[in-house]
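Asks: Got a structure for you, questions after.
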Amino acid sequence: MQQIDISEAKFQLPALLEAAINGAEIIITQNSRPLVRLSRVDANNQIHSGLAPGNGTTTTNPAVSEARAQAAASLFLSDRLPDRISAGAPHLDEPAQVWRVPAILAYPHLGVLGQVGEIVVSAIEEIILSHTPVEEMRKAAWEIIEKHRDVIEAPLS
């Protein structure tokens, strides 16, 4: 899947259309956010979108990779919460066509202390579909911090 900013896509539209006709999937973005998907439509008017034909389930290779889903969740979290809260390993929910990414609280010398929320990323296009409310994640993080305060504040040995 190719991504291109809308400002560049305006000048490359003929080449982008040709690539889509030949089977490429192209996402046109603005400020790194997906806006438009160019993809081929087959003779039966079926759009090629990373879905298995006819049954609406994802293939084993979703359009958005595990790494890209985790990166999208990480960016979302880093824009809203302290750096101790980060994206854990995503889990593909094939029936829902989404990646479920745990928001975790971790400390370098202790590792992961617990999950504070979840970010849901589309497996079809790289967008955040839903998330645990930010204030709920903050509250959950503080509860975990209080539970582990002794080891968090202990000097490193």
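The values are calculated or read from the model by the stated rules, or taken from the named source; none is laboratory data. If you're wondering where the values come from, they're calculated on a predicted model, not measured in any experiment. With ideal geometry, Cβ positions are generated from the backbone for all residues, glycine too; neighbour counts draw on all protein chains shown.
Asks: Report whether or not residue 123 is buried (at least 16 other Cβ atoms within 10 Å of the Cβ), in contact with a Ser or Thr (Cβ under 7 Å, 6 or more places away or on another chain), touching a residue at least 60 places away in the same chain (Cβ under 8 Å) and not acidic (Asp, Glu).
Replies: Working: buried (at least 16 other Cβ atoms within 10 Å of the Cβ): yes; in contact with a Ser or Thr (Cβ under 7 Å, 6 or more places away or on another chain): yes; touching a residue at least 60 places away in the same chain (Cβ under 8 Å): yes; not acidic (Asp, Glu): yes.
So residue 123 fits the description; yes.
Asks: Answer yes or no as to whether residue 128 is under 20 Å from the mean Cα position of the chain (by Cα) and touching a residue at least 60 places away in the same chain (Cβ under 8 Å).
Replies: On the way: under 20 Å from the mean Cα position of the chain (by Cα): yes; touching a residue at least 60 places away in the same chain (Cβ under 8 Å): no.
The answer is no for residue 128.
Asks: Any residue in the range 142-154 that is in contact (Cβ under 8 Å) with a residue 12 or more places away in the chain sitting within a Cβ distance under 9 Å of a residue that is surrounded by 11 or more Cβ atoms within 10 Å (Cβ to Cβ) and basic (Lys, Arg)? List the pairs, counting only those 6 or more apart or interchain.
Replies: Final answer for the pair search is 145/84.
Asks: Now for a different question. Is it the case that the range 82-95 has a residue that's surrounded by fewer than 16 Cβ atoms within 10 Å (Cβ to Cβ), among the small types (Gly, Ala, Ser) and either touching a residue at least 24 places away in the same chain (Cβ under 8 Å) or more than 27 Å from residue 26 (Cβ to Cβ) (or both)? Walk me through it before giving the result.
Replies: As a first pass, look at the range 82-95 and keep what is surrounded by fewer than 16 Cβ atoms within 10 Å (Cβ to Cβ): 82-83, 89, 91, 93-95.
Still in the list and also among the small types (Gly, Ala, Ser): 89.
Those still in the list that are either touching a residue at least 24 places away in the same chain (Cβ under 8 Å) or more than 27 Å from residue 26 (Cβ to Cβ) (or both) too: 89.
Yes, the range 82-95 contains a residue that is surrounded by fewer than 16 Cβ atoms within 10 Å (Cβ to Cβ), among the small types (Gly, Ala, Ser) and either touching a residue at least 24 places away in the same chain (Cβ under 8 Å) or more than 27 Å from residue 26 (Cβ to Cβ) (or both).
Asks: A further question follows. Quickly run through the range 50-73 and pick out the residues that are at pLDDT below 50 and surrounded by 14 or more Cβ atoms within 10 Å (Cβ to Cβ). Give the derivation first.
Replies: Within the range 50-73, the subset at pLDDT below 50 is 50-59.
Across the range 50-73, the qualifying residues are 50, 51, 58.
Asks: Right, something else. Tell me, which residue of the range 97-109 that is in contact (Cβ under 8 Å) with a residue 24 or more places away in the chain and surrounded by 14 or more Cβ atoms within 10 Å (Cβ to Cβ) is nearest to residue 132 (Cα to Cα)?
Replies: Quick first cut of the range 97-109, residues in contact (Cβ under 8 Å) with a residue 24 or more places away in the chain only: 97-99, 101, 103, 105, 107, 109.
Now narrow it down to the ones that are surrounded by 14 or more Cβ atoms within 10 Å (Cβ to Cβ): 97-99, 101, 103, 105.
Details: 97: 18, 98: 15, 99: 14, 101: 11, 103: 9, 105: 14 Å.
If we take residues in the range 97-109 being in contact (Cβ under 8 Å) with a residue 24 or more places away in the chain and surrounded by 14 or more Cβ atoms within 10 Å (Cβ to Cβ), then 103 is nearest to residue 132 (Cα to Cα).
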